[in-house]
Amino acid sequence: MNQPQRQVGRPLCLPAYCTLAPNTNSGVNSTALMNPTGGAMELLAVKFHLEDATVPGTIVGGGTIAVSLMAGDVPCTKDFVPVWLFGKAKNLGTPDLGTNPTPFANLGSFQTGEGDYLWELSTPFYIPPGMTLEPVFQHKGQISDSIKVTVVYFCRSVDGDPPSKVTFPFVASFETGPMSTNDGTELTENQVFITDETDLANQFSQALRIKRLSGRIAAFSYFGVDGPGLTALDTSYEWIGTDVLELIAYDSSGFETVKDPTKWRSVFTGAHRTWEMDTMLPANAYLMVQVTENIGVPGGGQIGNRVIVDSSVAYVNFTAQIAIVAEREVFV
Amino acid sequence: MSRPTGHPICMSANTEALIANHQGLNGAGQVGQLDAGRLRNEYRSPILVTEIDFTISLHQSFASLASVDGTPRPFSNIGGYILAQIAIGGYKMTNRFVPIWMLGRRYGLGSEMNDSDVNFYRWVLPKPMLVLPNTSFEVDIQVSKAFATIFGTSVSLGDGVSVEFAAKGYTVDPDDIDMSSTAVPYASAFVSDGSPTSNLMGPELALHNPFQIPLRVQRLVGRIELYDQTSFAAPVALPAGLFPDVPQDGTMETEAGVILMVDLQDSTGYRLTANPHPFGFLFYPDATWRFERDLQPGDSYFAVLTNPVNADGTTFPIGTNYRPQIGLVGHRVETLQVAA
């Protein structure tokens, strides 16, 4: 059935803010995220901007803040999802500025830009008049500073009759328990983490169309402390994703999506931290992922495949995060 | 909206057991063969492969690797020295060994070298390639012999380098596709031995269609491998963050990309560049020049590279410190033999 022709109106940029202390949740002023003219709109993209509220300019990774999204009483996320799992990484060079000898390190003034995470929706999401996609944010406590969150909805107003069906986004995620490259004195070695049947699942009674899998590693504490760190990036120790973590994946029908243990960064391509796809996940089906931490030889100066001579990098605590980013069509 | 695909698939294998324990330069020139069993389509249905990802990591933290001046240096971008030879089901996908960074487009320096000793390269195939059940990729990885030639003992690979090859795609219903033929990608590259001090012409067989059928060229790829730049002196300074004595990509970020001129024509006499053109501009910004053109059987592209002299007759002081590389990426359509 053809959708009614609608007039696409003016662009809308709708920001809202909140500041979160570690291990707290907060909503935003949802009125700020509605079409100010009172009409309907289509959501095209969401940008999350994170700033360290305690020490401005400090690098903040997108794994530290998770968000829950609701459209009325319809969930668009499964619980809380780290904000950097929604979209493709755009500029991974930037987060490293000031921390590693990368090119363009002289552009240090750009370093606060690394806290920007953009989610471009595959299909515009129709939001009726007087409603919005309601976010609630969660500080996951991986860093000890408070974080200021800015969320911006990029929309366009629409006129005309509401559509007969709406494409709702849906994102679900899984986070491993804490791991460490510490070689054996504090945390468990060679851990295996497996999603359960509800983590990366289609909780609806209709098929989900998966557009991407995304995978990030939040290195939240360096130098041997298994508590909160100062930053939480997925770029400072890239080799965690190449030399320490491997994964396999299969779905609830038993189909082996990743049949042999594969480096984390080969699955979640280094350039984007995602695996772009376009596949259907049937109603009530799910994806299972097994993540293996290969810590190497305890005390042997080796982490995974890597010989560690520089002891300063032998203490990185981290978690691995995976999400399915999907959508589904709903007749309204 | 387009139709969704079948099941997503990722098949991978790596060289960990094959190129390991490279102390010093022992590994240069060594070939590692990937486990074809892991790269076989063991699914009951055919699959369409859409991209191939390479992940290269040093087994030893760069911080522990010594360099010319004794200061630890990162391997900023080593894709010019790690080569891949790829075939599938007997069909060549590369012209012998091709530097891995010549297969895909550049995604920005940051994306290729985030941790300085981990590099990522992504080859999005010109067209999805049909892989029938029980067909396998055959992949060999080689550390370029040039690594030893160029660096001597001044730069090492530490405790080894591992390369992972990952082919991604999705299953397809045999009833939905033509199983009699498929696009097979092909990549070939010309790598100069060193900086051209006068006109340098790429060999005829480097950017060549070796098949009996047309080769649809999708793009040309250009990179400049920088190395041993200890002779760099003002005013030819490297941008901050680029180091003078390690492998890296200088296609656009250094003067080499501006000064080196490239002139391209094909074997029919058609000039792709009206005049010699700055290398870095031609391949700006992602080391690629996209176009679609059939290269007929036996035809070639010729690249003439020129390092011009200054007005006073001296060569520009980029001296002998870089190796330009030019490659082509395309595909041809091959007939498949479907088992009865």
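All of the numbers you see were taken from the coordinates with simple rules; none came from a lab. Everything numeric in this text was worked out from a predicted model, so none of it was measured. Counting neighbours? That spans all protein chains shown, and the Cβs are built from the backbone with ideal geometry, glycine included.
Couple of notes before you dig in:
- Model label zone, B:MET179; criterion: amide N under 20 Å from point 7 Å along Cα-to-beta-carbon; scope the stretch B:129-143: B:129-137
- Counting only other chain Cβ atoms within 10 Å of each residue's Cβ, the peptide A:270-283 averages 5.
- Between amide H atoms placed 1.01 Å from N, distances below 5 Å from B:GLY6 occur with B:THR171, all of them 5 or more places distant or on a separate chain.
- The protection proxy used here, the mean number of other Cβ atoms lying within 10 Å of each residue, ranks peptides A:19-25, A:247-253 as follows, highest first: A:247-253, A:19-25.
- Residues with amide H under 5 Å from that of B:ASP35, placed H, sequence gap 5 or more: B:ASN14
- Amide proton proximity set for A:PHE220, modelled H, under 5 Å, gap of 5+: A:ASN317, A:PHE318, A:THR319
- Here the Karplus relation 6.51 cos²θ - 1.76 cosθ + 1.60, evaluated at θ = phi - 60°, turns the backbone of the stretch B:220-225 into coupling constants of 9, 10, x, 9, 10, 7 Hz, with x for every Gly and Pro.
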